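Since every read-out is calculated from the coordinates, none of them should be taken as a lab result. Here the structure is a predicted model, which is why all the values come from computation and not from measurement. All Cβ positions, glycine included, derive from the backbone under ideal geometry; neighbour counts span all protein chains shown.
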Amino acid sequence: MRIGDQIRVHWDTEDRQIDGIPVWTATRGTFALSVEAFVDECRSFRDRLLHRMAARIDEVEAGRAKPQADIDVASLRQQHATWEREFSDYTDGTHHPDVAWEEAESALRKLIPNFAPRAPTGDGAW
């Protein structure tokens, strides 16, 4: 969740067990980082993922990779180009989802006591 200029992640998995053994080593914790660092990491992940995907398509096309199914490389490249555009929109701030904010805020008020949304500042920050 974003709080000011930080992204905070909280988790509690103490009740997640298989045969009485905790599923996760870190059963409870909190992690925080700046919004800038979070966005930088999202962009880095996007770039690494898309680079590896493109390299894999190149390997299939060159015959170095042996997929277990028939592959239409042209369609795969077209889909990859779509992912590049979509991921860039998400991480570069150009994606503006069509969200019914009043409905979202109403639902949050039911879930979170004293929920009070803040208006955007105009520079993309809240």
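Overview of results
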{"read-out": "Residue ID - surrounded by the most Cβ atoms within 10 Å (Cβ to Cβ), chosen from residues in region 22-49 that are in a helix (DSSP H, G or I) and basic (Lys, Arg)", "value": "Arg46"}
{"read-out": "Which numbered condition Ala26 fails, given (1) among the aliphatic types (A, V, I, L, M); (2) under 30 Å from Leu108 (Cα atoms); (3) within 18 Å of the chain's Cα centre (by Cα)", "value": "(3)"}
{"read-out": "Sole residue being loosely packed, with under 12 Cβ neighbours inside 10 Å and farther than 28 Å from Leu108 by Cα, chosen from Asp15, Asp5, Asp19", "value": "Asp19"}
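Rundown of residues vs (1) closer than 29 Å to Glu36 by Cβ; (2) in contact with a Phe, Trp or Tyr (Cβ under 6 Å, 6 or more places away or on another chain); (3) without any contact (Cβ under 8 Å) to a residue 12 or more places away in the chain, yes/no style:
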residue	(1), (2), (3)
Glu59	no, no, yes
Ala69	no, no, yes
Gln78	no, no, yes
Ala81	yes, no, yes
Ser88	yes, no, no
Thr94	yes, no, yes
Pro97	yes, no, yes
